[in-house]
Amino acid sequence: MQNISADINTDDLDSTKLRALVNHIPGAIYRCRGDEFFSLEFFSDEIEKLTGYSVDHFMKNRRDGYSKLIHPDDWGSLKKVMQQAVAGKEKYETEYRIIHKSGEIRWVFESALASYDAEDKVSYVDGCIFDITRRKRMEAALAQSKDEVKRLALVAHKTTNSVMITDAGGNITWVNEGYTRVSGYSLEEVRGKKIGYSLSGTGFDEGNQQKILEALQNRLPFKQEVVSQTKSGGSIWLEVDCHPLQDEHGNHLGFMAIENDITQRKKTLRQQEELLQRLTLATDSAQIAIFEIDLITNGVIWDDRMYELYGCKKEEKQNLYKIFYQSVHPEDAEMMQMIIGELLSLKKEVNGAVYRIILPDGRIRFIESHAIIKKSESGKIISLIGTNRDISEDVLVQEKIKMQNKVLREIAFIQSHEVRKPLANILGIIEILNKSGAVSDLEIFKHLVESAKELDQQIHAIVNKTNNIDDDVFR
């Protein structure tokens, strides 16, 4: 209803009947005077529902009772529309915001038309105002939804991952370029096929297949690593993240599956597992303990053998830094601080040492340690990784051998001097006889000289070998 009769007290309807009629309209009906303020003459009861204020409020504030509720950002444009329409003797329709008594912002649609007297002056402006807040919110939500759909569509097309969408029956309706790149199949080749058609072949886990089927049947989301067959007949590993699609009423629309090719990751993981197995075998065979210090979080990780080496039990809350520094022998503490400092200051990237630790029971254990720093891509040190090995028995054996060698050298020294003393006498006599020339022509004399010299050489060889025995053993 856009125009109310200029005279409310008509012959056909009295004011009471007219008010009863307009109050049944789901919008506020009004009449304003044609003065400069467009002072209010009439408002239907619907205005209270629309603004929160009663009709009496507006009757007491005829000039600006309603205009004060118009949003400040919209008042200027509304006034301009009204003035242009009145000047052109045209009906105007516009949308703007008002501030409800509760403070809520509401959108309204207003339509009005002016009545003119014989002198073309505005007598009245009759119009109606309807609450369109719900429609505006729906339009905003729809616009946002469309924008999100556009962005999602762009992401789906541009992403390197494979994206698949099915209908409610699980039949493929759309795939992106990533799907074609990964599987080799185009949209035309897979449209209408059931989701999961390619999940078969060597290495496929029947347990995973059953979980996927149950999830699809019950319209539940799932995330699984599966083997998939490509168009070329090869097998690839996929990480499938699948979600059911529903409309705003909860009706099932289909599924969307995002698939990531993890074939290379699986291959690398398998290689790492094989390497770890070999490393574990090597460390177990050599009885090597492994530790790691995270220099970002200051966390310390020990394997089980480290706890055995340092004679302590593995517990949840332990200060492994404290255990280490309390265990290091006081005479070796400064050396260990220097070695660790060289690693942390990047003076060395690999370092090693042999040091002593004191076990809780007081025993001393010799440790051979090697450590290497681990750096980030930017070159920042992020952790220290190393090994420990108990070499106490090796040290004891070496000390025992050194002691035995010392005894051997003493025995050899004593025996060599005892043998050389009579030999020296013999050599002296031979020298005297040789200089006198008394027996120089005798064959037995020559043989005696050669035997004496050979015996002297053997004694020298024994002494030298004994003196070098440590170098031969520990070289």
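The values are calculated or read from the model by the stated rules, or taken from the named source; none is laboratory data. Values in this document were obtained by computation on a predicted structure and should not be read as measured data. With ideal geometry, Cβ positions are generated from the backbone for all residues, glycine too; neighbour counts draw on all protein chains shown. All accessible areas refer to the heavy atoms of the entire protein, side chains included, with ligands and DNA or RNA removed. Shrake-Rupley method; radii C 1.70, N 1.55, O 1.52, S 1.80 Å.
Okay, here's what the table says:
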item: Hydrodynamic radius of region 77-126 per Kirkwood, over alpha carbon pairs, in Å; result: 12.2 Å
item: Around ILE364: net Lys/Arg minus Asp/Glu count, Cβ-Cβ under 13 Å; result: -3
item: Fraction of accessible area attributable to carbon and sulfur, region 274-353 (%, probe 1.4 Å); result: 54 percent
item: Gain upon complete extension [ARG270, LYS49; 0.36 nm per residue less C-alpha separation]; result: 72.6 nm
item: Radius 11 Å from Cβ of ASP35, net charge of other residues (Lys, Arg +1; Asp, Glu -1); result: +2
item: Positive minus negative residues near GLN271 (Lys, Arg vs Asp, Glu; Cβ under 14 Å); result: +3
item: Translational diffusion coefficient (Stokes-Einstein; Kirkwood radius from C-alpha pairs) of region 265-409 at 4 °C, 1.567 mPa s, in µm²/s; result: 75 µm²/s
item: Potential extension, GLU308-LYS406 segment - 0.36 nm per residue separation minus Cα distance; result: 31.8 nm
item: Accessible-area value, ASP56, 1.4 Å probe, nucleic acids and ligands omitted, Å²; result: 100 Å²
item: Accessible area (Å², 1.4 Å probe, nearest 10) - MET138; result: 120 Å²
item: Largest to smallest accessible area among SER378, SER44 [probe 1.4 Å]; result: SER378, SER44
item: Solvent-accessible area of ARG265 with every protein chain in place, 1.4 Å probe, in Å² to the nearest 10; result: 120 Å²
item: Relative contact order of region 200-346, defined on C-alpha pairs under 8 angstrom at six or more residues apart (%); result: 11 percent
item: By accessible area with a 1.4 Å probe, ligands and nucleic acids excluded, highest first: order of ASP241, ASP73; result: ASP73, ASP241
item: Entries of LYS266/LYS322; LYS266/LYS374; LYS68/LYS136; LYS348/LYS406; LYS91/LYS136 with Cα pairs more than 29 Å apart; result: LYS266/LYS322; LYS348/LYS406
item: √(5λ) per eigenvalue of the Cα gyration tensor, region 34-146, largest first, Å; result: 26, 18, 11
item: Inter-probe distance in nm under a simple model that places probes 7 Å from Cα toward Cβ, at GLU214 and SER235; result: 2.4 nm
item: Linear extension gain, ASP247 paired with LYS193, 0.36 nm per residue minus alpha-carbon span; result: 17.2 nm
item: Region 344-400 - accessible surface per residue (Å², probe 1.4 Å); result: 63 Å²
item: Projected label distance in nm at GLU331 and ASN298, using a 7 Å step from Cα toward the beta-carbon; result: 3.3 nm
item: For region 183-192, Karplus couplings with θ = phi - 60° (6.51, -1.76, 1.60), whole Hz, Gly/Pro x; result: 8, x, 8, 8, 4, 4, 7, 10, 4, x
item: Estimated FRET transfer efficiency (LYS121, HIS71; beta-carbon r; R0 30 Å; 0.05); result: 0.50
